[in-house]
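Student: Sharing a structure, written as structure tokens. Questions coming.
Here, each number is a calculation from the coordinates, and none is a lab measurement. Because the structure is a prediction, the values reported are computed rather than measured. Please note: Cβ atoms are built from the backbone with ideal geometry, for glycine as well, and neighbour counts cover all protein chains shown.
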Amino acid sequence: MVSAVFHSPLEAAASQAPAPAGARPVAPAPAVVAAPAPEPRTRTPVDLRAFWMRVLPPLAGFGLLLLIWELVAMKSTTGFPTPLATWQQALTVFSDPFYSKGPNDQGVGWNVLSSLQRVALGFGLAALVGIPAGFAIGRFEFLARMFNPLISLMRPVSPLAWLPIGLLVFKGANPAAIWTIFICSIWPMVINTAVGVQRVPSDYMNVAKVLNLSEWKILTKILFPAVLPYMLTGVRLAVGTAWLVIVAAEMLTGGVGIGFWVWDEWNNLNVANIIIAIFVIGIVGLVLEFALIKLATAFTFEEVKS
């Protein structure tokens, strides 16, 4: 906005009067221009309905769980612990989670770490074998026709059915548990990787033929980037299955581990610690699942997400 500047008649007459001889002409003063007024900042309205729709349903779900839990504890005649008693016991358990009083008496922290170590070993071996096998099966039709019947036969078998084979072959509980993790983790990675290779657009392979690319170039420059989202989905499914299986395997094999801790607390009739272990198993599995979902989402293309 331009503001008007008013002058008095005397000033106007003085300005029109001739300048004295020898005096330098004086330039007229520039017009004063006011700065534009800043636009008022508009605050983004808070969508309270969306906020409460994100917060209230989980709270209602946990509240319903606690209510059912409390009713079961009130009606129980076998000393089923209440939520409050379990919470107090959890404070005691987690006050020193890494104590060690012998091989059969260790804190919950050591048991969780031992289970995660077994899962990491079995899962790592499965990834070393399953991912390359999935690439080969998806790439070559002969291998696909050769191994598809075997995979279809072995995949539905319960992972714990492989545990006695591991005990017989490896003569030890720990390698048998790792073997069980390996055999249950390998199938999701093989299947998802092979499916990803088979879904690579044929145009990509035609370009590779025209350019006469080597098999290594095809694998590293075409197949691997395109198959990565499928491969990470197989990895996520394999980790979830491995964490489910290790608890049952440790119940049967013994030793240090969250599964053995559950079984040992059952033998001691400590139901509160069993419930605590259930929540620990669920939280650890949820963290693993969430981390791998984020990893898979970061490498997933938009057309694959949809």
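Student: Net charge near residue 241, counting Lys/Arg +1 and Asp/Glu -1 over other residues with Cβ under 13 Å of its Cβ?
Tutor: Summing Lys and Arg as +1 and Asp and Glu as -1 gives +1.
Student: Provide the FRET efficiency to the nearest 0.05 for the residue 70-residue 279 pair, computing r from the beta carbons and using R0 = 22 Å.
Tutor: The formula returns an efficiency of 0.85 here.
Student: So which lysines pass the test for residue 101, namely a Cα distance under 28 Å, with those fewer than 8 places away in the same chain ruled out?
Tutor: The qualifying lysines are 171.
Student: Based on the Cβ-Cβ distance of residue 129 and residue 268, what FRET efficiency does E = 1/(1 + (r/R0)^6) give at R0 = 35 Å, to the nearest 0.05?
Tutor: Rounded to the nearest 0.05, the efficiency is 0.35.
Student: Taking the dipole about the Cα centre of segment 113-300, with the C-beta of Lys and Arg at +1 and of Asp and Glu at -1, give me whichever of 190, 129, 212 is farthest to the positive side.
Tutor: 212
Student: Also, I was wondering about something else. What net charge is computed for the residues neighbouring residue 265, neighbours being all others with C-beta under 14 Å from the C-beta of residue 265, Lys and Arg scored +1, Asp and Glu -1?
Tutor: -3
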